[in-house]
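What follows is a single structure, written as structure tokens, with notes after it.
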């Protein structure tokens, strides 16, 4: 692979204008496709195979006109202080607002709160359920405007009016201030790490180009493939983070090769052949882990995984082709000032490459760890274990209106309904009774209704609603507790057990569904899939690292370190989102269960990112080891050449991910905090502390591989050993260097 990528790097350098034009054309086409594509909107989560989804499918069949998962809204009215909503003038304002909805083509019906009993016990709050003939994604702007105008009319009459439900669901738009702050921090880190504005701009340019193309493609395909705004934001987040990092790694290696004295084209080829090999491997691990999310069985999670995988694939292709092309276009300006002064054809290596002079921070840190490996290892493991401790209290759920900002009308409507009708009113359960096989359908339905009323935790049960064939009944049960509470979860299971038994005794099939029940089913499915998916990811990590480093203990150490960093990230999520620690500082207004999609999504993403740092740090160590360096010298060599770059890459990723915390979407907030903390723990604690400590304690045993296994494994040559032959500046000319082959292993 190294030789193949070496040829790609040299070709891209020579054909730099052609490569730049091709990518520019791709950018124009992607932006054009996104601009002309119809706007897509988020769809409701679905979980095929669950009881809730089976019930929704049955309702679509038996109640075709009701559209069980269609759009609905709730207009919640509150009378002015000291008045009742049933007062003549207030009642007239409510009726006028609801009457204004008639005439809209997508409008189906609006319940009258004064005839359906939808008035609170103290008479101050009332609500109307507005239904539509189409799904939420198909509502037109005219329909949404009519709903807003209806609410506005009642407000003009003096009422407090808030709107909830799916009809006004809006997509989260990227591009806010916090994301720009994250990119700005990344730019500063690049300048400090590379010492050149041009080199820093090159990394940002390649990353932004890949991100814009990926975002454009996701936007263009949002309607035909059902891609939501969350998919687009995930593609933006991942593409930006890995795109900058991949360009940084290749640029750093290019400058390193130039410091050795290689000509620009040769240096570009070697950079892509060595660092590019690591980029391909790291990108492949991210893609495989994200694509593997499809096995969970949630279509939205599958789309998120594939969207993110596509963005990462683009980032890899851009890094391997456009980055070396820009080396040719920018010329010597990519190099730091000191190296430009020393840059001469066939000249001697730059002193910074050999480690002459005062050692850098990364080298000094490596030596510190080597002096106290056991203490560093114990401190790091205990520290991560303490941070991960809250994960024992992890609760999974799906955020609803209760998790939104109080500045939104949906959250205020939720609070008004809870105040007037109880916390469980926002999460009603739908009991579907299929009596098509029952001898006495009416008696079977009545038996199920009585059984539902007798279950502890049910606040109220509505009258059955029959379909046209009178062989299916809908029964609405309102819990006493909030939708995301553990009591409501227990209630759903109790209802299913009791109602199903009663239905079976009467020849009826009974399903408990509704948005709350579906969310519970999805959360439980995610929890059940977490350990199997984690096992697959860990197994994949061990296998891939076994191929790369040809060692048994290095992959095991990497996998255990990955578990520690992921566990600590989950601990942060529990502390922030469940316990509320520092929630106010992060703009999180409501605590509750952790978004159920997050743990498995974070595992998939962080797995690939963790392998990034493992590969980029350990390839330099293995380079030194295979050329005769001692274990301690190999560790110092790896940190000298990759420590600063890995640290910079981690800070960039943390900045980009943290930049998304400021968005109002709970899903994106959770993802931003989870990924930023996971990268911080993995890069700075696991890879920078635990890895060198373990390698120091293991010594030569760290690189042990049984002979039989050594003969069986293919040689992927990710370090570019096949390219190591013709170094124009032998390191033996550098005082204090130990030379084994072309790689200097300094004693500095």
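Select, from 325, 291, the only residue that is at pLDDT 80 or above and buried (at least 24 other Cβ atoms within 10 Å of the Cβ).
Details: 291 fails: buried (at least 24 other Cβ atoms within 10 Å of the Cβ).
Testing whether each residue is at pLDDT 80 or above and buried (at least 24 other Cβ atoms within 10 Å of the Cβ) leaves just 325.
Hey, can you tell me all the residues within the stretch 519-535 that are crowded, with 18+ Cβ neighbours inside 10 Å and over 18 Å from residue 593 (Cβ atoms)? Within the stretch 519-535, 533, 534 meet the criteria.
Can you tell me which residues in the stretch 258-273 are at pLDDT 85 or above and crowded, with 24+ Cβ neighbours inside 10 Å? Before the answer, list the steps.
Step one: list which residues in the stretch 258-273 are at pLDDT 85 or above, which gives 258, 262-273.
Within the stretch 258-273, 258, 267, 268, 269, 270, 271, 272, 273 qualify.
Scanning the stretch 623-638 for residues that are over 17 Å from residue 369 (Cβ atoms) and at pLDDT 85 or above yields no hits at all.
Suppose we filter the stretch 479-488 for residues that are touching a strand residue (DSSP E or B) at 6+ places or on another chain (Cβ under 8 Å) and buried (at least 18 other Cβ atoms within 10 Å of the Cβ); how many remain?
First pass over the stretch 479-488, keeping only residues touching a strand residue (DSSP E or B) at 6+ places or on another chain (Cβ under 8 Å): 479-480, 484, 487-488.
Those still in the list that are buried (at least 18 other Cβ atoms within 10 Å of the Cβ) too: 479, 484, 488.
Looking only at that region, the number is 3.
Summed over the stretch 550-588, residues that are over 18 Å from residue 659 (Cα atoms) and either assigned to a loop (DSSP other than H, G, I, E, B) or in contact (Cβ under 8 Å) with a residue 40 or more places away in the chain (or both) total 22.
Pick from 436, 403, 418: which is surrounded by fewer than 19 Cβ atoms within 10 Å (Cβ to Cβ) and at pLDDT below 90? Can you show your working first?
Details: 403 fails: surrounded by fewer than 19 Cβ atoms within 10 Å (Cβ to Cβ); 418 fails: at pLDDT below 90.
When all the criteria are applied, what remains is 436.
Scanning the stretch 565-581 for any residue that is within 21 Å of residue 680 (Cα to Cα), buried (at least 21 other Cβ atoms within 10 Å of the Cβ) and more than 24 Å from the chain's Cα centre (by Cα) turns up nothing. When we screen 545, 609, 597, 553 for residues that are at pLDDT below 85 and more than 29 Å from residue 247 (Cβ to Cβ), the only hit is 597.
Condition check: out of contact with any helix residue (DSSP H, G or I) (no Cβ under 9 Å at 6 or more places or on another chain) and modelled with pLDDT of 85 or more. Does residue 147 satisfy that? Let's see the steps before the verdict.
Values: out of contact with any helix residue (DSSP H, G or I) (no Cβ under 9 Å at 6 or more places or on another chain): yes; modelled with pLDDT of 85 or more: yes.
Yes; evaluated as a whole, the condition is true for this residue.
Residues in the stretch 28-53 that are surrounded by fewer than 16 Cβ atoms within 10 Å (Cβ to Cβ) and modelled with pLDDT of 80 or more: how many? Give the steps one after another, and end with the answer.
Of the residues in the stretch 28-53, the ones surrounded by fewer than 16 Cβ atoms within 10 Å (Cβ to Cβ) are 28-29, 32-33, 35-36, 38-39, 48-49.
Filter once more, so that each one left must be modelled with pLDDT of 80 or more: 28-29, 32-33, 35-36.
Of the residues in the stretch 28-53, 6 are surrounded by fewer than 16 Cβ atoms within 10 Å (Cβ to Cβ) and modelled with pLDDT of 80 or more.
Rundown of residues vs (1) in the same structural domain as residue 402 (by TED's automatic domain parsing); (2) over 30 Å from residue 584 (Cβ atoms); (3) out of contact with any helix residue (DSSP H, G or I) (no Cβ under 6 Å at 6 or more places or on another chain), yes/no style:
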{"residue": "607", "(1), (2), (3)": "yes, yes, no"}
{"residue": "632", "(1), (2), (3)": "yes, yes, no"}
{"residue": "648", "(1), (2), (3)": "yes, yes, no"}
{"residue": "652", "(1), (2), (3)": "yes, no, no"}
{"residue": "711", "(1), (2), (3)": "yes, yes, yes"}
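Go through the stretch 210-229 and count every residue that is buried (at least 22 other Cβ atoms within 10 Å of the Cβ) and part of a helix (DSSP H, G or I). Please lay out each step first, then the result.
Our first condition is that a residue be buried (at least 22 other Cβ atoms within 10 Å of the Cβ); within the stretch 210-229, this holds for 210-211, 213-220, 222, 227-228.
Then keep just the ones that are part of a helix (DSSP H, G or I); that gives 210-211, 213-220, 222.
Selection size over the stretch 210-229: 11.
Output yes when any residue across the stretch 169-185 is modelled with pLDDT of 80 or more and under 30 Å from residue 137 (Cβ atoms), and no when none is. The answer is no, given that none of the residues of the stretch 169-185 is modelled with pLDDT of 80 or more and under 30 Å from residue 137 (Cβ atoms). Restricting attention to the stretch 455-470, and to residues there that are modelled with pLDDT of 90 or more and in a loop (DSSP other than H, G, I, E, B), which single residue is nearest to residue 164 (Cα to Cα)? Top of the filtered list is 457.
Out of 628, 662, report the one residue that is in a loop (DSSP other than H, G, I, E, B) and out of contact with any helix residue (DSSP H, G or I) (no Cβ under 9 Å at 6 or more places or on another chain). Before you say what the answer is, go through the steps one by one.
On the way: 662 fails: out of contact with any helix residue (DSSP H, G or I) (no Cβ under 9 Å at 6 or more places or on another chain).
It is 628.
Specify the residue that is modelled with the lowest pLDDT; the eligible residues are those in the stretch 335-366 that are surrounded by fewer than 16 Cβ atoms within 10 Å (Cβ to Cβ) and within 16 Å of residue 642 (Cα to Cα). If we take residues in the stretch 335-366 being surrounded by fewer than 16 Cβ atoms within 10 Å (Cβ to Cβ) and within 16 Å of residue 642 (Cα to Cα), then 361 is modelled with the lowest pLDDT.
The values are calculated or read from the model by the stated rules, or taken from the named source; none is laboratory data. Since the model is a prediction, treat every value here as computed from it, not as a measurement. Cβ atoms come from the backbone with ideal geometry, glycine included; neighbour counts cover every protein chain shown.
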